[in-house]
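Below: one structure, written as C-alpha cells.
Where a number appears in this text, it was derived from the coordinates with a stated rule and is not lab data. If you're wondering where the values come from, they're calculated on a predicted model, not measured in any experiment. Cβ placement follows ideal geometry from the backbone for every residue including glycine, while neighbour counts extend to all protein chains displayed.
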Amino acid sequence: MATIPVSVDENLGAGADGGKGQFVRVIVADTQAIFRAELRKIFALEDDIRVVGQAESLAQTQSAAAKFATDVLIFEAALTPNPVEAVAELLRQHTKLRVIVVTPDADEELTLDLFRRGAHGVVSREVEPELLVECLRKVVAGETWLDPQGVRWVMEAFRNQTNRPAGSRPKVQLTPKETLIVSCVTQGMKNKEIALRVGTTEQVVKNYLRKVYDKLGVADRLELALYCLNHHVVDNTKVPPLPAPVVNGGAANAAAAGASASSAPPASSSAPAASTDLPGKLS
C-alpha cells in the first residue's frame with residue numbers, strides 16, 4: 001500500500017513572529033488525507049499555529065515526532081490497534097510532547113485508558129473546528145482537555161476509587177496468572193493483546209478479570225489500575241512479549257511431511273495436502 005512521506009511546512013519560521021519560533025508547532029497524524037487537509041486549512045487561519053508535519057501511519061508518526069521540533073501531536077486513535085500503548089510510548093520517547101487523541105466516537109474505556117496513560121486531550125472526530133483550536137491552545141498552556149462526557153467519566157471513576165471504604169478492599173493474594181493479566185491491564189493493553197501475550201483466549205482473560213475485580217473490590221479497568229498503583233500489586237512483574245508470527249508455517253510443515261513421506265515405504269493412498277477506517281469530517 002502506497003504511503004505519503006512525512007512532510008514539513010515549507011513556510012515554517014516565516015510567520016509574523018519574525019522567525020523566532022513563537023508559535024505552536026503541530027504534527028497531524030491521521031489515516032484520512034481529507035481530514036489532514038481540513039486540519040491544515042483550519043490551523044492556517046491562526047497566526048500562531050503551524051503544521052510542521054503530517055503522517056498517515058504510526059511509523060510515520062514516530063518518524064515525524066523524532067525529526068521535527070513539535071509542541072502538539074494530533075493523533076488518530078485508528079492509526080494503531082492499540083492507541084493507548086502507542087501514545088504512552090510516544091510520550092516516553094518525547095517527554096515534552098503533548099498529545100491530543102482523535103477518537104471515532106465516544107468510548108468510555110478508551111478515554112479513561114488514554115487519560116491514565118498520559119494523553120493531554122481527547123476529542124471526537126466530529127469536533128467543531130473552533131473547539132479543536134481551543135483544545136490545542138489549552139493543551140499547550142498545560143491543561144488537560146476532555147469534553148463534558150469525558151469529564152463525567154473521569155470524575156465518576158475517581159469517585160468510585162477514592163470513596164470506596166477501605167474495608168471493602170480485603171487484602172488478597174493474586175495468583176501468578178492473575179498478576180500477569182493485571183500487569184498487562186495497567187499498561188493499557190486490550191483483552192485481545194493480553195490473550196496473545198499470555199497464551200490464552202479473550203474469554204479466559206475476561207473471566208480472570210471478573211475474579212480480580214471481585215477480589216480487589218474494584219468496578220472497572222481504571223479502578224483496577226489505580227488500585228494496583230496505590231498498593232504496588234504488580235511491581236516488578238514482567239509482561240511477556242507478543243509471540244513471533246509464524247512465517248510460511250504451512251509450507252514448512254508440508255515440506256517436512258514430504259521429506260518424511262519420501263523416506264517411508266509407499267502407501268496405498270496419499271492424504272490430501274493441507275492448505276496452508278474511518279470516514280471523518282469537521283463540520
Margin query: Rounded, prolate or oblate, given the Cα gyration tensor of the range 164-231, with a/c below 1.5 counting as rounded?
Written below: prolate
Check: Among 78-84, 38-44, 199-205, how do they line up from the highest to the lowest mean number of other beta-carbon atoms within 10 Å?
Finding: 78-84, 38-44, 199-205
Notebook entry, point to check: What percent does the relative contact order of the range 164-231 come to when contacts are Cα pairs within less than 8 Å and at least six residues apart?
Noted result: 37
Notebook entry, point to check: Taking the range 94-138, which trypsin sites (Lys or Arg not before Pro) meet the DSSP loop condition and have no more than 14 other C-beta atoms within 10 Å?
Noted result: Lys96
